[in-house]
Amino acid sequence: MSVNAVEQAVAAPRRASLQLVHDVQQLLYREARLLDEQRYDDWFELMEDDFRLWIPVPQSRYRRDGQGIYEPRRMAHFDDSLSELKLRASRWKETTAWSEDPPTRHVHYVTNIEVEPAEAAAEWLVHSVVISLRNRNEDEENWLGGRREDVIRETAAGLKLAGRKVFVTQSVLMAKNFNTFL
Amino acid sequence: MADILQAKPAPPAATLDYHRLVDVENGWIDRRIFWDEGIYQLELERIFARCWVFVGHESQFAAPGDFVTTYIGQDAVIAAKDRQGAINVFLNSCSHRGNRVCFAEAGNTRRFTCNFHGWAFGLDGGLLGVHEEEQYSACATFDKSKLGLHRARVGIYKGLVFATFDAEAPSLDEYLGDYRYYLDVLLDNDASGTEFIEGNVKSRLGCNWKFAAENFVGDAYHAGWTHASAAAAIFKKDVKVNIERSYQANVNGHGTEFGLDLIGNAMGLAEPEVVEYLKENEARFAERLGKLRSRMVGAMSSSNVFPNLAYLTGFNTWRTWTPKGPHEIELHTWVLVNKDMPERLKEAYRRGVSRTFSPTGMFESDDGENWEHCTRSNAGVVTRRQKLHYGLGMDSRMEHEEFPGAVHRVQLNDANQRAFYRRWADLMSAASWADVSDRSGATR
């Protein structure tokens, strides 16, 4: 986890081409729009079957502390397989999802995209920053930002998301809920 | 300006008639208790600075020097384990200029040193030393033994660590009283004892703390409606309460509403292993808890320990509603497991709670919406004059051969909520603990 540890130099010979960087950007932008439009079934189409989403809850700890801000065994906002994410999203399709009607208005903003080689030959480690802006009802507004680390895989069907970690900055989520994905 | 000068001042909150604001005999509640700043300030004095408030679980203090920071009401506190193995709770505010002395939420340390002038405090809150200490050699009022951080009383019940700032408060055992029978459903169903899974989820809600507490103390009624979408997604059917075999019980404002269905809540985790575990171990639970209570271990239920500690059997989530003002709370969510559960099962609870009862969870995201708007609507002066109806199950009191406290028929009931508010009114009206009525078995 590069957020906790000093980053190791990767000695891989591959370098992302301009075309690949462009394709990755377009994938992330399209994905953001699908989330904004709450088209979750289409969003899931961008994932490989082994996709996992991990969004740990950060802890405020001293620098001298042996534990990091983000640790895998702790409570998390998300630590889900693809099928578990689909279960979560299935609730929003119910007409009885009262708190989603009228719907929340979403903008997912993606920036600071870097494409680096990953360990597996057909995979790329993609860093980005994501910011979610939500507005609900009359005047409710929530912001949440985080650093993403995605694994993006080249497949016969094009680029697919194979894994995602999001390191959000809020230790206390400054909202009553978080009703979208990052 | 003249209007302001001539306006009649509102009565000080201490002189209000709390048993009229909270009319439990007839089941009506005055909305001002969810909005008024003066009432809120008195709650900090008479509820939070007086009751036993949950600060952590013993498993968070494995080694000497382990600490967490938390709040008792709006008083920031540190809970730390010392070299003798005792857990101490004291104010997180320097005795010199009042600065916060610990900014981490958890960790391990030998001392807490203030950033401002280097005053250093030990694991029991005592003052160990200060920067440039020799300058104080001629200072008659500089007595290190009297300049420690103000300490709370600490009590532990089966792993749960509580603290109170009130020297007159009854012992923790007396404070929990017969409610311990219900707490043991989760705290003592296994010989290995319990632990918290590491970390927690923290979130802010724009609601009065009592809406959250009353929801858990006895609002089974909302589950079938508010959570209809989550139930449809997970169970593929509606939530139905068993009218014949479900209850509410309360003791001094603590309360639980429950069925005897063993797995009703646990099914909601959508983790089949948890349900299997409960079924396989029912007989073993019964050896410790008796047959009836063994049926509660994962049952459809919710509970709140007065004032602001809540939990759900089956999901095994424990949470606190910490007030941040009359219209805001911070919600902390933990997961409790039996120590000797297999790791896979602990993982199932950890991930299951995130998916259900956390801010991203399928159930919880609907709750916050309700509580916020139950609170915010009271900004309206005319709205605030309209009393709220808490009259369900007025004549549901029953005697039960085993269940202690005031027991009521049927989970769908406002009885526990009335009992919660009666306790609240008792404390708000009382100048000291000696004036607080015993409500260990007395609600309609």
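In a simple Cβ point-charge model (Lys, Arg +1; Asp, Glu -1; nothing else charged), segment B:179-435 has a dipole of about 580 debye relative to its Cα centre. Highest mean packing comes first when the peptides B:61-69, B:305-313, B:73-81 are listed by Cβ atoms within 10 Å, giving B:305-313, B:73-81, B:61-69.
Using the number of other C-beta atoms within 10 angstrom as an exposure proxy, rank B:His332, B:His389 with the fewest first.
With the sparsest Cβ surroundings first, the list reads B:His389, B:His332.
Comparing B:Ala63, B:Cys139, B:Leu91 along the charge dipole axis of segment B:53-156, the residue lying farthest to the positive side is B:Leu91, per the Cβ-charge model. Measuring how big segment B:234-284 is from its alpha-carbon positions, Rg and Dmax come out at 13.2, 38 Å.
Using the alpha carbons of segment B:20-74, what is the convex hull volume per residue in cubic angstrom, as a whole number?
In segment B:20-74, the Cα hull volume divided by residue count equals 121 Å³.
Largest mean-square fluctuation among B:Glu402, B:Glu195, B:Glu58, in a Gaussian network model of chain B whose springs join Cα atoms under 10 Å apart, belongs to B:Glu402. Charge dipole of the protein assembly as shown (Cα centre as origin; +1 on each Lys and Arg Cβ, -1 on each Asp and Glu Cβ, all else neutral): 480 debye, rounded to the nearest 20. For the Cα trace of segment B:334-420, dividing Rg by the Kirkwood Rh returns an Rg/Rh value of 1.12. Out of B:Asn378, B:Pro404, B:Ser302, whose Cα points farthest toward the positive end of the dipole of segment B:179-435 (charges: +1 Lys, Arg; -1 Asp, Glu; placed on Cβ)? Value computed over the given set: B:Asn378. For the protein assembly as shown, how big is the tail of P(r) above 31 Å, as a whole percent of Cα pairs? Of all Cα-Cα distances in the protein assembly as shown, 55 percent exceed 31 Å.
Scaling the Cα radius of gyration of segment B:53-156 by the globular reference 2.2 N^0.38 Å produces a ratio of 1.06. With neighbours defined as other Cβ atoms within 10 Å of a residue's Cβ, the residues B:Tyr421, B:Tyr247 order from fewest to most as B:Tyr247, B:Tyr421.
For the residue pairs B:Lys81/B:Lys346; B:Lys291/B:Lys346; B:Lys240/B:Lys279; B:Lys210/B:Lys291, alpha carbon separations beyond 27 Å are given by B:Lys210/B:Lys291. Cα extents for segment B:171-330 along the principal axes, largest to smallest and rounded to whole angstrom: 46, 44, 36. Ordering B:Trp119, B:Ala431, B:Gly206 by Cα displacement along the dipole of chain B toward the positive end leaves B:Gly206 in first place; charges were set at the Cβ atoms of Lys, Arg (+1) and Asp, Glu (-1).
When the dipole is taken about the Cα centre of segment B:53-156, and only Lys, Arg (+1) and Asp, Glu (-1) are charged at their Cβ, what size is it in debye, to the nearest 20?
120 debye
Over chain B, what portion of Cα pair distances is larger than 28 Å, expressed as a whole percent? Considering chain B, 52 percent of its Cα-Cα pairs are separated by more than 28 Å.
Taking Cβ separations below 4.7 Å as the criterion for a possible disulfide partner, the isolated cysteines in the protein assembly as shown are B:Cys51, B:Cys102, B:Cys139, B:Cys207, B:Cys374.
Residues B:Cys94, B:Cys374 in ascending order of nearby Cβ atoms (within 10 Å, fewest first): B:Cys374, B:Cys94. Averaging 1/r over every pair of different alpha carbons in segment B:179-435 and inverting the result gives a Kirkwood radius of 18.7 Å.
Kirkwood Rh over alpha-carbon pairs of segment A:1-132, then Stokes-Einstein at 25 °C and 0.890 mPa s: what D in µm² s⁻¹, rounded to an integer? The Stokes-Einstein estimate is 140 µm²/s. Sorting B:171-182, B:343-354 by average packing, meaning the other beta carbons within 10 Å per residue, from highest down gives B:343-354, B:171-182.
Quick note: the coordinates plus some simple rules give every number you see, no bench work behind them. These numbers were taken from a predicted model, which means no experiment stands behind them. Glycine gets a Cβ as well: all are built from the backbone with ideal geometry, and neighbour counts include every protein chain shown.
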